[in-house]
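J.: I'd like to ask some things about the structure below.
Nothing in this text is a laboratory measurement; each read-out follows from the coordinates by a stated rule. All values derive from a computational prediction rather than experimental measurement. In this analysis, Cβ positions are derived from the backbone assuming ideal geometry, glycine residues included, and neighbour counts consider all displayed protein chains.
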Amino acid sequence: MPAKPLKLGTRRSPLAMAQAHEARDRLCRAHGWTEDAIEIVPVLASGDKVQDRPLADIGGKALWTKELDGWLHDGSIDFAVHSMKDVETIRPEWLTIAALLPRADVRDVLVGARSIAAIPPGARIGTSAPRRAAQMLNIRPDLTIVGFRGNVATRLAKLQAGEADVTLLAAAGLERLGQTGVGTALDAPEWLPAPAQGAIGIECRTDDAMTRRALSAIDHAPTRAQVAAERALLLALGGNCHSPIAVWTQGSDEVTMTVRLYSPDGLVRTGGEATFPADSNGPAELAARLLSDAPEAVAVHFSGPPA
């Protein structure tokens with residue numbers, strides 16, 4: 001047992017709290033600790049406070065992490081749990097992603113229709129995610145996108161209230177909330193997930209050797225290989241919260257990555273696939289090939305690798 005309880009920071013949404021409990025339980029099992037060895041410390045993140053505008057319009061992914069980053073920096077917490085798809089690609093050097101938990105179902109779930117083909121003509125799709133909007137419009141250009149933000153319960157309530165006809169949710173989130181059986185999971189290759197979707201990451205201070213060592217016991221190598229490759233792809237593409245990127249990665253020591261890039265209106269799509277060793281330059285090479293081949297309507301939304 002640690003000399004004093006370790007403090008685990010998390011957003012206070014129901015899904016974030018479920019992820020924090022999973023992280024605590026795995027860490028306690030790995031070390032033979034009782035639950036009181038870890039204190040869960042919730043914070044109301046900026047991204048949870050503003051739900052009437054798209055995330056990309058109000059500050060991007062940093063709205064999910066900045067409060068927890070601040071608490072880590074001043075020592076108020078020892079580590080923080082995140083949905084990795086919400087974590088900025090470039091993180092401060094004083095922070096380390098010390099553990100990635102086994103990745104859950106990466107798929108999106110369609111709620112309100114049994115399939116994409118079965119969505120009624122002209123229906124309204126509730127989403128604020130550029131990837132989901134672009135993928136849907138690419139397949140069904142007759143549909144209309146309406147802004148839809150909030151946690152799982154909020155979005156399901158908005159759907160029930162008739163603010164949209166159909167919406168999309170992450171299968172992993174539904175599973176962690178015990179809401180399996182909601183909607184229809186969309187399979188690859190027809191529909192690809194967001195980078196790092198389904199992965200829970202735990203960050204701590206880089207100079208905190210004790211916490212890093214403790215967290216290493218629950219780091220899942222295949223998940224790390226996939227998430228690292230997808231984050232390297234994002235970095236090399238120079239994508240941001242407005243850039244519709246869909247990617248599906250399989251494997252561990254060697255990974256196969258399938259990528260699609262879209263124009264925001266979904267009218268133009270490009271993509272590619274590559275297999276390469278984990279921790280190689282494969283993601284950057286695939287990104288360079290995708291950008292060199294991309295039509296202008298897609299390429300304009302990507303800045304390429306940092307200088």
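J.: List, in order, the whole-Hz ³J(HN,Hα) value for each residue of region 79-90 obtained from phi through the Karplus relation with A = 6.51, B = -1.76, C = 1.60 and θ = phi - 60°; use x for Gly and Pro.
T.: Working through the residues one at a time gives 7, 9, 9, 9, 6, 5, 5, 9, 9, 3, 5, 9 Hz.
J.: Calculated from DSSP H runs of 4 or more alone, at -39500 (n - 2.57) each and per residue, what is the 222 nm mean residue ellipticity of the chain, nearest 500? Walk me through the numbers on the way to the answer.
T.: Working: 10 runs with 101 residues, N = 307.
Taken over the chain, the calculation gives -9500 deg cm²/dmol.
J.: Based on the Cβ-Cβ distance of ASP279 and ASP187, what FRET efficiency does E = 1/(1 + (r/R0)^6) give at R0 = 35 Å, to the nearest 0.05?
T.: It comes to 0.80.
J.: To the nearest 10 degrees, how steeply does helix 14-31 sit against the main Cα axis of the chain, on a 0 to 90 scale?
T.: 40 degrees
J.: Return one number: the angle in degrees, 0 to 90 and rounded to the nearest 10, between the long axis of the Cα atoms of helix 130-139 and the longest principal axis of the Cα atoms of the chain.
T.: With rounding to tens, the tilt is 30 degrees.
J.: What's the longest uninterrupted piece of the chain once you rule out the GluC sites (Glu not before Pro) that are loop residues per DSSP with at most 14 other Cβ within 10 Å? Mind dumping the intermediate values first?
T.: On the way: sites that count: GLU93, GLU190.
Here the longest run is 191-307.
J.: Rounded to whole Hz and in sequence order, give me ³J(HN,Hα) for region 233-246 from the Karplus expression 6.51 cos²θ - 1.76 cosθ + 1.60, θ = phi - 60°, writing x for Gly and Pro.
T.: 4, 4, 4, 6, 6, x, x, 9, 5, 8, 8, x, 10, 10
J.: Cα-Cα pairs above 15 Å in region 233-299: how many percent? Walk me through the numbers on the way to the answer.
T.: Details: 1066 of 2211 pairs.
Of all Cα-Cα pairs in region 233-299, 48 percent lie more than 15 Å apart.
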